[in-house]
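One structure is given here, and the rest of the page talks about it.
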Amino acid sequence: MRKRALRITSGLGGTLALLALTPNVGFAQELTPEEVQAVLDNLWVFIAGILVFFMQAGFALVEAGLTRAKNVVNIFAKNMADAVIGILAFFATGYAFAFGGGGDWIGTENFLLTGYDDYSAIDGGLSPATTFFFQAVFAATAVTIASGAMAERTKFSAYLLFSAVMCAFIYPVVVHWTWGGGLIANMSIGDAVYSDFAGSAIVHMTGGVAALTGAIFLGPRLGKYGPDGKPRAIPGHNIPFAILGLFIRWLGWFGFNPGSELAADQYVMSVGVNTMLAAAAGALLATVTIWLKAGKPDLAMIGNGALAGLVAITAPCGTVDPLPAVIIGGVGGVLVVFSVLFFDSVRVDDPVGAISVHGVVGIWGTLSIGLFAKYDDAFLGREDAGLFYGGGFDQLAMQLVMVVIIAVWVAATTAILFGIIKATIGLRVSAEEETQGLDVLEHGLQGYATETANTGA
C-alpha cells in the first residue's frame, strides 16, 4: 500500500546536506540513514514553506491587477497585514488551537509555542520549528483568500481585525478538526475517513466561505450594478500584474501541494506532476468555456481557470493518477467560469473571483477524492477508495460531510465577526472614500505618482 511514511535516503548528497546543516556534527561521527533523512525532510518542508509564503506576493499582484489603480496601496497593505498580523495571531493562539491536543473540539496546549522540550529537536520527523513555519504560512494563505472578495470598499481597521481573528481562531479550529486529529478526523462512514491532502477544503474553501460572507455583509461596490440590476464591468487596471501574480501563485503551489507530503520521499514529484497538469487543464477548459460564453478568450478568466485547477487538485493530489488530475483540474476550470457569472447575477460583488476560485472549486476538489481516489495517501487508510475504482459511495459521503461541517462553521463564525465589526467600528468605507479611492484617504499614499516633485531646477 502507498502510505505517508519517512523514506530512507542515503548517499553522498544526503550526507553532505546533513553536515552543512549541522556544523556541530564532525566528520568522524557516524551518521545514520534516519538522521540524514530527517534533515532532508525538514529542509524540503522549509523550502516548500518559503514557496507558500511567496504566494503572498502573487495574491497581492492578482488582487491589485484586477481592481482599480486608486486602491492599489490598500490592496498591498491588506496582503502585508495578512502576513504580519496573520502569522503573529497564529503564533499566539492559532497553532495551539490547531495542534495543541485537547480532544475533538479545540487545542488547549502550546500557546506562544511554549511546551516544547527542544524547539529544534528532530526525532524521526519534522521539528516543532519546521511544523510551525509550514502551518503558519498556510494560515496566512487562508485569510488572504478573502481579501480579494472584499476589495475596494473595506475599512483597513476592520480588515485587520478580521485577519487577526481568522488566523487566531476560526481557521485553526478547522485545522484542529482535521489535520489536528479532532472532530472530523475521528468520524467515519463505512470504511471511509476524511481526506484533504493539502487543503482544498481546509484552506481554500475556508477562505472562500469567509470571502462570501464578507462580500455579502459589505454589499457591492458603488456602480457595480445598474438600475435594472444588471452587472456592470469594472475593469482591473493592470492585467499584466494579475497574470504575473498568477504565475507566482502557480510556482508557490509546488510548495503548497508537494510540501504537504511532509517528507522528502519518492512521492513528492508525483504530487508535483498532478499539480502542474491540473493547473494547465483548468486554464485550457476555462479558455474554451469563456470563449464560447462571451465570444472572446478573457485573459483574467483564463488566469482564474489555472488557479481553479490548482485549488481543485490540492485535496486529491496525493491520491490520484495524472489523467484524473487533468480531469479534476479541467472541471475546476469550467466551474469557475459559471460560478463567477452566477455570483455576478445574484449581486454578490467579488472583484477577483475569490469565492468561485477557492470556495466553489475547493468544494469540487474535496469531493473529487470520493470519485477518483486510487492511492492510500492523504489519510485515506486504503487504496481504491474512489467511486470510479470500486470504492462505493462511502468516501464521497464522508467528503461531503466534511465540506458541510467546515462551511457551516466558517459561515457562522465569520457572520458573527462581521456583524460585530459592522456594529462597532464599521465594516465599509464611506461613499466619498470609495469614490476617491482608499489609497489617499485610508493610507495617505498614492500607488502611482501623478506629479513629479519640484526640485527647484
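If you check Ser345, Ser356 for being of a type in the set (Ser, Thr, Tyr), touching a residue at least 24 places away in the same chain (Cβ under 8 Å) and surrounded by fewer than 24 Cβ atoms within 10 Å (Cβ to Cβ), only one passes: Ser345.
Of the listed requirements (1) modelled with pLDDT of 95 or more; (2) farther than 30 Å from Asn304 by Cα, Gly219 misses just one: (2). Is it fair to say Val84 is under 29 Å from Gly444 (Cβ atoms), surrounded by fewer than 21 Cβ atoms within 10 Å (Cβ to Cβ) and of a type in the set (Val, Ile, Thr)? So Val84 fits the description; yes.
Taking the criterion of being assigned to a loop (DSSP other than H, G, I, E, B) and either touching an Asp or Glu at 6+ places or on another chain (Cβ under 9 Å) or loosely packed, with under 15 Cβ neighbours inside 10 Å (or both), the residues of the stretch 388-427 that qualify are Gly390, Gly391, Gly392, Phe393, Thr424, Ile425, Gly426.
Can you pull out every residue in the stretch 230-271 that is assigned to a loop (DSSP other than H, G, I, E, B) and farther than 14 Å from Asp377 by Cα?
Within the stretch 230-271, the first condition is being assigned to a loop (DSSP other than H, G, I, E, B), and the residues that meet it are 230, 232-238, 260-267.
Hits for the stretch 230-271 are Lys230, Arg232, Ala233, Ile234, Pro235, Gly236, His237, Asn238, Ala264.
Surrounded by 12 or more Cβ atoms within 10 Å (Cβ to Cβ) and of a type in the set (Gly, Ala, Ser): is that true of Gly101 in this structure? Answer is yes for this residue. Take the conditions at pLDDT below 95, more than 30 Å from Leu126 (Cα to Cα) and out of contact with any Asp or Glu (no Cβ under 6 Å at 6 or more places or on another chain) and apply them to Ala233. Does it pass? Yes; evaluated as a whole, the condition is true for this residue. Residue-level check: of (1) of a type in the set (D, E, K, R); (2) surrounded by 16 or more Cβ atoms within 10 Å (Cβ to Cβ); (3) at pLDDT below 90, Lys3 misses just (2). Annotation note: of Ala201, Ala210, the sole residue that is part of a helix (DSSP H, G or I), under 20 Å from Lys374 (Cβ atoms) and touching a Ser or Thr at 6+ places or on another chain (Cβ under 8 Å) is Ala201. Glu152 meets all of the listed conditions (1) of a type outside the set (Gly, Ala, Ser); (2) modelled with pLDDT of 95 or more; (3) on the phi < 0 side of the Ramachandran plot; (4) in a loop (DSSP other than H, G, I, E, B) but one, namely (3). Taken together, the residues in the stretch 41-76 that are buried (at least 21 other Cβ atoms within 10 Å of the Cβ), among the aliphatic types (A, V, I, L, M) and out of contact with any helix residue (DSSP H, G or I) (no Cβ under 6 Å at 6 or more places or on another chain) amount to 0.
The residue pairs whose first member lies in the stretch 194-217 and is at positive phi, whose second member is part of a helix (DSSP H, G or I) and of a type in the set (Ser, Thr, Tyr), and whose beta carbons are closer than 7 Å, counting only pairs six or more residues apart or on different chains, are Gly199/Thr314. Set side by side, the residues Leu307, Leu299, Leu292 differ, and just one is at pLDDT 95 or above and more than 22 Å from Phe241 (Cβ to Cβ), which is Leu292.
Against the numbered list (1) crowded, with 20+ Cβ neighbours inside 10 Å; (2) in a loop (DSSP other than H, G, I, E, B), Phe379 comes up short only at (1).
Counting the residues of the stretch 257-280 that are of a type in the set (Asp, Glu) and surrounded by fewer than 24 Cβ atoms within 10 Å (Cβ to Cβ) gives 1.
The values are calculated or read from the model by the stated rules, or taken from the named source; none is laboratory data. Computed from a predicted structure; not experimentally measured. With ideal geometry, Cβ positions are generated from the backbone for all residues, glycine too; neighbour counts draw on all protein chains shown.
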